[in-house]
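Please read through the structure below; I'll follow up with questions.
The values are calculated or read from the model by the stated rules, or taken from the named source; none is laboratory data. Computed from a predicted structure; not experimentally measured. Here the Cβ positions follow ideal geometry from the backbone for every residue, glycine too, while neighbour counts run over all protein chains shown. Surface areas here come from the heavy atoms of the whole protein model, side chains and all, with no ligands, DNA or RNA. Shrake-Rupley method; radii C 1.70, N 1.55, O 1.52, S 1.80 Å.
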Amino acid sequence: MLSSSRFIVAVHAMSVLARCRGKGPVCSALVAESVHTNPVVIRRLMTELEKASLVKSVAGRAGGFELNKDPAQITLADVYFAVEDENVFRMHKTDPHSTCPVAAQLGQILTGPLRAAECALHSSLAKTSIRDVASAIV
């Protein structure tokens with residue numbers, strides 16, 4: 001299974017914004033340099049974070065991005081669900097009318113455990129804020 005780094009890159013970017021809070025907008029090039037990626041990658045992530053009202057963009061020559069909320073009010077769960085798919089697990093297509101008992105029942109059997117795992121992920125991420133991450137960085 002392929003894993004996405006979008007969440008970790010978004011937390012990195014948000015932590016940069018939190019540490020620069022009060023100093024004006026932060027340009028995507030500065031964030032990209034910290035993350036070791038292209039500014040386009042950062043701008044795309046910031047667009048998703050902006051749609052979730054976690055950051056705001058500031059236009060103009062001295063523009064860039066700023067947190068839209070106090071970093072203590074932004075949880076890792078907020079960031080995760082802004083940049084990743086809501087469902088952590090994706091089921092392959094199953095046929096409830098299949099003569100194969102696995103194909104007919106697997107989706108129904110896994111629904112509960114997978115929902116519980118997704119709830120545990122959300123609950124765990126909701127306990128940590130961007131302020132917690134940014135302030136732990138020395």
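Is there a residue being more than 22 Å from T128 (Cα to Cα) and at pLDDT 90 or above anywhere in the stretch 77-98? Steps first, please.
Within the stretch 77-98, the first condition is being more than 22 Å from T128 (Cα to Cα), and the residues that meet it are 89-98.
With the extra rule that they be at pLDDT 90 or above, the set shrinks to none.
No, there is no match, as no residue in the stretch 77-98 is more than 22 Å from T128 (Cα to Cα) and at pLDDT 90 or above.
Restricting to the stretch 121-138, and then to whatever is part of a helix (DSSP H, G or I) and in contact with a strand residue (DSSP E or B) (Cβ under 8 Å, 6 or more places away or on another chain), can you tell me which residue is farthest from I74 (Cα to Cα)?
Ranking the candidates gives L125 first.
The rows are residues; the columns are (1) without any contact (Cβ under 8 Å) to a residue 24 or more places away in the chain; (2) open to solvent by less than 30 Å² (accessible area, probe 1.4 Å); (3) over 17 Å from V133 (Cβ atoms).
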{"site": "S5", "(1), (2), (3)": "yes, no, no"}
{"site": "H12", "(1), (2), (3)": "yes, no, no"}
{"site": "A18", "(1), (2), (3)": "no, yes, no"}
{"site": "R44", "(1), (2), (3)": "yes, no, yes"}
{"site": "T47", "(1), (2), (3)": "yes, no, yes"}
{"site": "D70", "(1), (2), (3)": "no, no, no"}
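Is the stretch 107-120 home to any residue that is touching a strand residue (DSSP E or B) at 6+ places or on another chain (Cβ under 8 Å), surrounded by 14 or more Cβ atoms within 10 Å (Cβ to Cβ) and among the acidic types (D, E)?
Within the stretch 107-120 (the criterion being touching a strand residue (DSSP E or B) at 6+ places or on another chain (Cβ under 8 Å), surrounded by 14 or more Cβ atoms within 10 Å (Cβ to Cβ) and among the acidic types (D, E)), the answer is no, since none of the residues qualifies.
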